Amino acid sequence: MIYNFINMSGYGLYVFSSFIFTLVSFAGLYLIIKSQLIKEQKKFTAKFGSLTLDKVLAAKTQKTNKEILAAGIFSKI
């Protein structure tokens, strides 16, 4: 019974190898994107992490920054 399910009339090798390839590919993409996100977060923190209160208030009053912040509220990222 189990052998028949795994064999899948001779197509089991193809099905399971494709399934494993897909899982490995998704895991690889996830790890690459996660490492890129961490790298970008570190760059952002290095550049903007030590802003003074005056610079933060000036950035909040600029029109471009208001648009970016408003769009960020609705972003899924």
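Taken together, the values in this text are just the output of simple stated rules run on the coordinates, not laboratory data. Source: prediction; values computed, not measured. Ideal geometry is used to build each Cβ from the backbone, glycine not excepted, and the neighbour counts take in all protein chains shown.
For region 2-74, the residue among G28, V56, S18 whose Cα projects farthest onto the positive side of the dipole built from Cβ charges is V56.
Between L51 and Y14, what FRET efficiency follows from the Cβ-Cβ distance if R0 is 35 Å, with the result rounded to 0.05? It would help to have the intermediate numbers written out before the result.
Details: r = 56 Å, r/R0 = 1.60.
Working from the Cβ atoms, E equals 0.05.
Taking the Cα centre of region 2-74 as origin and assigning +1 to Lys and Arg Cβ atoms and -1 to Asp and Glu Cβ atoms, the resulting dipole is close to 440 debye.
In region 12-60, what chymotrypsin sites (Phe, Trp or Tyr not before Pro) fall in a loop by DSSP, with at most 11 other Cβ atoms inside 10 Å? Write out the running numbers ahead of the final one.
Values: sites: Y14, F16, F19, F21, F26, Y30, F44, F48; in loops: none.
Sparse-neighbourhood loop chymotrypsin sites (Phe, Trp or Tyr not before Pro): none present.
As a test of the formula, what do you get for the chain when each DSSP H run with n ≥ 4 contributes -39,500 (n - 2.57) and the sum is divided by the residue count, at 222 nm and rounded to the nearest 500 deg cm²/dmol? Mind dumping the intermediate values first?
On the way: 4 runs with 64 residues, N = 77.
Value at 222 nm, helices only: -27500 deg cm²/dmol.
In straight-distance terms, cross-link reach from K60 covers every one of the lysines whose alpha-carbon lies under 20 Å from its own, apart from those fewer than eight places away in the same chain; here that gives K47.
On full extension of the chain, what length is gained from I33 through F21, given 0.36 nm per residue of separation minus the C-alpha to C-alpha distance? Intermediate results must be reported in sequence, preceding the final value.
Numbers: separation 12, 0.36 × 12 = 4.32 nm, distance 1.83 nm.
In short, 2.5 nm is gained.
Could you give the DSSP H helices of the chain that reach 24 angstrom or more along their long axis (alpha carbon positions) and whose average Kyte-Doolittle hydropathy is no lower than -1.0? Intermediate results must be reported in sequence, preceding the final value.
Details: long enough: 12-48 (53 Å, 0.75).
Long hydrophobic helices here: 12-48.
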